[in-house]
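The values are calculated or read from the model by the stated rules, or taken from the named source; none is laboratory data. The shown structure was predicted, so the numbers you read here are calculated from the model rather than taken from an experiment. Heads up, the Cβs are rebuilt from the backbone with ideal geometry, glycines too, and the neighbour counts pull from every protein chain shown. For accessibility, only protein heavy atoms count, side chains too; no ligands or nucleic acids. Shrake-Rupley method; radii C 1.70, N 1.55, O 1.52, S 1.80 Å.
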Protein chains: 2
Amino acid sequence: MEQSRATSKPAAAPGAPRVTRDAVLDTAMRLVRESGTEGLSMRKLAAELGVAVTSIYWHVGNRDALVDELVDRVLRDMGTIRAAGSTPADRIVSVALASRRMILDRPHLIGLVRERGLDALLMLPARRALVREFAAAGLHGARAALAVQAVQFQVAGFIMLERALTGHEQEQAAVQAWLSEVAEGGDPELAAGLNVNADPDELFEVAVRGLVESLVREV
Amino acid sequence: MEQSRATSKPAAAPGAPRVTRDAVLDTAMRLVRESGTEGLSMRKLAAELGVAVTSIYWHVGNRDALVDELVDRVLRDMGTIRAAGSTPADRIVSVALASRRMILDRPHLIGLVRERGLDALLMLPARRALVREFAAAGLHGARAALAVQAVQFQVAGFIMLERALTGHEQEQAAVQAWLSEVAEGGDPELAAGLNVNADPDELFEVAVRGLVESLVREV
DNA sequence: ACCTGAACACCGTTCAAGT
DNA sequence: ACCTGAACACCGTTCAAGT
């Protein structure tokens, strides 16, 4: 797990390593940025670094560990979320919005997280701020815990799904075909609303606000 | 897309096909049930059917098309959801609960859908019933469309995330490590509630009910 | 219409060996 | 400590050829 951390400078000494663990991770991240998670292979990575494949294994263990480490890195590089607004509900909603923004600003994160089944980690950035704001809203103990988790799921779940609406044309076609197959009888405006792609921003805000107001109201 | 549909009986005639498209799909589904999506390879599938790999290609095109077809099949085999309860909110919540149950009852569906990025299709089963019940609750047109989609996202998103909490021990460990890293100062009950795995059933119901009541209330 | 074998272009991973 | 080449056990897919 924790081999070879050192060598902060290239230092062309004779016995110097040809690559460092950090260099491996940097290049891996670049490959992911350039061609997604499926563009990242151990062999390409080695080639890119001018080194034998097996050398990669010495530095990072294996591919799964590599990807996990990339996820960790991206997560660590995310800043803290600050709530904005005056009412408790507004502040909590603002945390959700900021959290979604932070994640969408790192589009490769979703692919990485997805490949390793680490979706739940997307709930993390919002966590601290949510705990704080729900406490400020007067929720405590088990009820606060439930509220925080409900919002976390809402945020992360939405993000995992929404790219089926945006981008990803190939699969979007299949999804749209399925989703719009039904003609909603008697309410053409409803049918239109369901079949046209909803604006994800609006949909997200409506859903989050609805949930949050319910959670806060009963105090 | 639609080659070879015929031959409903084995019929050991001389020129009879050695496998049918349906047989390929059946066996593929069995492999998925036995060892998940990553246990499904074209070569294993062919071996299982006693036929050359290339023959599979004739019947189903390629692996992606195969998986898509399996998703279609499972989706088609799901029954219709009927709402239960007396108040509009209760009825809508019951649809969400039933939808989640139907999907969780088909655990391989999630893997299939995930591999192909067809997550959004999990929103489908609840759709018809949601449209009906929101109409009965007095929502129409664009507002109803938004409400339906908000609940659909809530349901499908939750399902995609929750298995990070249940099962999947390997990755669960990594996730839990991350999620519980923070000690919540001053509210031990909160900390406990956040760090112990929440009961997904309860969490789901709380979240859905909160959202639904907000959506219905403003009529 | 249905199936075959051969071949291509990839993968991740292990291992014994080098310096 | 760091890197190598060889080898293993897989993949999905295409193609020309058979019946």
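Summing both sides, the accessible surface hidden between A and B at a 1.4 Å probe radius is close to 5500 Å². Atom-type composition of the exposed protein surface of the stretch B:11-151 places 53 percent of the accessible area on carbon and sulfur (1.4 angstrom probe).
Peptide B:62-73 shows a mean partner chain C-beta count of 1 within 10 Å per residue C-beta.
Label points for B:ASN62 are taken 7 Å from Cα along Cα→Cβ. From this copy to the others they lie 2.8 nm apart, shortest first.
Which residues of the stretch B:118-141 show a drop of at least 20 Å² in accessible area when all protein chains are present, compared with their chain alone (probe radius 1.4 Å, heavy atoms only, ligands and nucleic acids excluded)? Relative to the lone chain, where solvent access is computed with a 1.4 Å probe, the stretch B:118-141 loses at least 20 Å² at B:LEU118, B:ASP119, B:ALA120, B:LEU121, B:MET123, B:LEU124, B:ARG127, B:ARG128, B:VAL131, B:GLY141.
Label-point spacing at A:ARG82 relative to the other copies reads 5.6 nm, in ascending order, each point sitting 7 Å out from Cα along Cα→Cβ.
Which of the three applies to the stretch A:69-155, rounded, prolate or oblate, going by the alpha-carbon gyration tensor with a ≥ b ≥ c and a/c under 1.5 meaning rounded?
Numbers: a/c = 2.54, a/b = 1.77, b/c = 1.43.
Judged from the Cα gyration tensor, the stretch A:69-155 comes out prolate (a/c at least 1.5, a/b above b/c).
When chain B is turned onto chain A, the axis of that turn runs closest to one Cβ of chain B, and that residue with its distance in whole Å is B:GLY157, 1. What separates the B:GLY36 label point from its copies, with the point 7 Å along Cα to Cβ, is 2.1 nm, written shortest first.
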